[in-house]
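Rule-based calculations on the coordinates, nothing more; no lab input. The shown structure was predicted, so the numbers you read here are calculated from the model rather than taken from an experiment. Quick reminder, even Gly has a Cβ in these numbers, built from the backbone with ideal geometry, and neighbours come from all protein chains shown.
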Amino acid sequence: MNFDFTDDQRAIKETARDLLANRFKLERLRELAESKTYADAAWSEVCELGWPGIFIEEEHGGQGLGVLELVILLEELGYVLAPLPFLSNAAAGLILQDAGATERLPGIASGERRGTVGVVKDGRAALVPDAAEADFIVLLDGTQATLLERSDAQVEPIDAMDPTRRYASVSANGGESLGDVSRGRDLIVLAVAAELVGVAQRVMEMAVEYAKDRKQFDRPIGSYQAVSHVCADMLKQVEGARSLVYYAGWAADAAPDEFSLGASAAKAYASDAGWNVSASALQVHGGIGFTWEHDLHWFLKRAKTDGVLYGSARDHRERVAELAGLGAATAAV
């Protein structure tokens, strides 16, 4: 069995890496994060490339590619912390496509009409990305989805830990029922996990580069076991998260019976890895890593926020235990 990317998938990854690296250098990311704005010109550019509709069927204005192609894009977007409404818009498209509510998909695919998705708990969705700017909002209560226009919801912007993305709390009554969207919700979970892999990869690279350059007693600090072992553990966690994410992406189309478990396993592991790798990178950098002037904290904050978005690591470990027929006590270990 060949686990490598196809030529088309490799081209998508290389194109995304090159374009995003040029558009979102760290100084540009800082500028946008501090001003709490998005890169509107870059959003127009990725829309022209058809990225928002990469997973949407061609008959509804998309490119008609698979889940793996979406995962590839999200990993690259996470790698640069792209300040774009891509994830929220993709989440809405995944739910609508799963529900068969196809009339809004052309707008999602073109980026002209954006949506977002929030998870309801106690009558309110507390952390909804890009809700204040979305044209419509999908609220999930378990696996049941309700669609409503933004104007019909109570949307309150909030200052979340992650300043590279906009968030709001949402509450509403009524709306159009979309029914059970179990697969769509699993796909959103996988999408966030893929973004976390990109974040973890970037902070690991930042830490390794610093460990090579920073010297103590005329030796790079990376030559000391206390640092090199930390970097090795970071690599283990990044590659573990990546393997689970791409397995789940493969299972979404090739082994649907395994997909729900795979998606939750990927989110649980990636949520932990995103935070652990970011925290380890902070330790490798030492005092400079704790300063506002250093860029590491932007990635750490995204990792922490993504870790709880659409379910925490604990939530998804419990779901893995349930799907695998294990007890809740096992999931908590």
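Worth pointing out:
- Cα-based radius of gyration for the range 139-214, normalised by 2.2 N^0.38 Å, reads 1.60.
- Rounded, prolate or oblate (a/c below 1.5 giving rounded, otherwise prolate when a/b exceeds b/c) for the range 132-269 by Cα gyration tensor: oblate
- The chain: C-alpha pair distances exceeding 26 Å, %: 46
- Label-reachable residues, the range 182-219, where backbone N falls under 17 Å from a point 7 Å from A226's Cα toward its Cβ: 211-212, 214-219
- The convex hull drawn around the Cα atoms of the range 1-101, when projected onto a plane and averaged over every direction, covers 7.3 nm².
- 12 Å reach of a label modelled at D141, 7 Å along Cα-to-Cβ, counting backbone N of the range 94-120: 120
- Taking a Cβ cut-off of under 12 Å around A251, the surrounding Lys, Arg, Asp and Glu residues balance to a net charge of -3, with basic ones at +1 and acidic ones at -1.
- log10 of Debye I(q)/I(0), alpha-carbon scatterers only, for the range 196-278 at 0.10 Å⁻¹: -0.32
- Share of pairwise Cα separations in the range 183-332, more than 25 Å, in percent: 34
- Mean ellipticity per residue at 222 nm, deg cm²/dmol - from DSSP H runs of n ≥ 4 across the chain, formula -39500 (n - 2.57): -19000 deg cm²/dmol
- Fewest neighbouring Cβ atoms within 10 Å first, the residues H229, H297 line up as H229, H297.
- Each of the peptides 299-306, 210-217, 148-155, 166-173 was scored by the mean count of other Cβ atoms within 10 Å over its residues; in descending order, highest first, they stand as 299-306, 166-173, 148-155, 210-217.
- For the range 7-180, the Kirkwood hydrodynamic radius comes to 16.5 Å, computed from all pairs of different C-alpha atoms.
- Highest average first, the peptides 73-81, 22-30 ordered by how many other beta carbon atoms sit within 10 Å of their residues are 73-81, 22-30.
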